[in-house]
């Protein structure tokens, strides 16, 4: 299929049946459709009210300081293999390695989950049966990101990594190169070389005191290699926290298009940005979408990774035809459908409050590090809730840094080598999406073992 893409074979458009007609035809019950239309109007009014409140800086009180015990809830963070093996002593380990948040979800989301659960039947579902599903996504991109997308461009995926893996499988071949900008989320490397047997092609970002920029000459050299057929971008950048500018995104897109390289933009963290920063989607940064696939969703911004709800946006007819034919129409759970609508239509105010709290956590951590661990170099991230910590000034080995933090301090971060196997030694990634009191406790422990 990679060859087919490179040669621009035209795929036949898929037949689409309107959600309205398909619902009526399947149920024969116009009253149900009227009820859905009424819900759509209600959600639109609520979303507009929330947006107005958020813009005015008026927020309900959301208790992000509450410490919630997540043990016994199947949490891969709080019941990870490392904790089960006994790395956690007396249940006092503080895990800060997984990119999810220790905050309760937005009230509207919780209410939506209860409504679905209380119904009592959890059978096969289709997002085509709910007009607001695709409408909520399109409205969100228009409101939040100044990006106009058509509903037919959107496909459901059970996760951002699943979508990226599928795109690379369809549009590249075994042995082809896939370009990434290191340091970058470690799972990219895993799916490229371990799942797909493609070659990881690293273009290292330039590090200026913790602020990372693209090495443009190196990136173009990598794109010019004929067997390097795809590029995957983390936008915002995980773990280094860059929110790419419109100019940077446009230049990346132009270089990829010049060399016929597929551009996959992973924007799953797009709604977690610092005050004053603005995420630009790849679709808003370039007018030519012939080689562009955008991956997004609510999993990170609304803390629902366990619900498996992401989306793929593909404006180009040829790309979308190939992708949809191979990918198929995936089936979300009823919880996923309800979560997307509740998040995008009813929870924008909560997201604004969350970002304000995360801004506070980031600034608290940076202030602490300046006073208590001044040799740690860290730059204030523009986006995500990750800090990329540079411990090289201590002159310790990577193994010693790991031991002090993970064993002596009993805090689990994520080793830098996971995100950059070439230059990540003596770096650590820290997720600060947790109550501030727990963040302070973790920082105090780490400071004590480096005193």
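Each value in this text was obtained by applying a stated rule to the coordinates, not by laboratory testing. This is a predicted model, so every value here is computed, not measured. When we count neighbours, we look across all protein chains shown, and the Cβ atoms used for this are built from the backbone with ideal geometry, even at glycine.
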> If the viscosity is 1.567 mPa s and the temperature 4 °C, what Stokes-Einstein diffusion coefficient in µm²/s follows for region 90-194 when Rh is the Kirkwood radius over Cα pairs?
Replying inline: 71 µm²/s
> For region 350-451, what ratio Rg/Rh do Cα atoms give with a Kirkwood hydrodynamic radius?
Replying inline: 0.96
> Fully extended, how many nm does the chain gain between residue 394 and residue 211 (0.36 nm per residue separation, minus their Cα-Cα distance)?
Replying inline: 63.9 nm
> How many nm is it between the label spots at residue 218 and residue 325, if each spot is 7 Å from the Cα in line with the beta carbon?
Replying inline: 3.8 nm
>> Just to confirm my numbers, what's the Cα centroid distance between region 414-451 and region 308-347 in Å?
In response: 34 Å
>> Can you give me the C-alpha center-to-center distance between region 352-408 and region 163-205, rounded to a whole angstrom?
In response: 28 Å
>> Give me the extension gain from residue 447 to residue 110: residue separation times 0.36 nm, minus the current Cα-Cα distance, reported in nm with one decimal.
In response: 117.6 nm
>> On a full-extension model of 0.36 nm per residue, what is the gain between residue 359 and residue 258, subtracting their alpha-carbon distance, rounded to one decimal in nm?
In response: 32.5 nm
> Any idea what Rg and Dmax come out to for region 196-251 if you just take the C-alpha atoms, in Å?
Replying inline: 12.2, 35
>> Can you give me the convex hull volume of the Cα atoms of region 273-370, divided per residue and expressed in Å³?
In response: 149 Å³
> For region 239-329, what ratio Rg/Rh do Cα atoms give with a Kirkwood hydrodynamic radius?
Replying inline: 0.99
> What are the semi-axes of the equivalent ellipsoid for region 166-320, taken as the square roots of 5 times the Cα gyration tensor eigenvalues, largest first, in whole Å?
Replying inline: 22, 19, 16
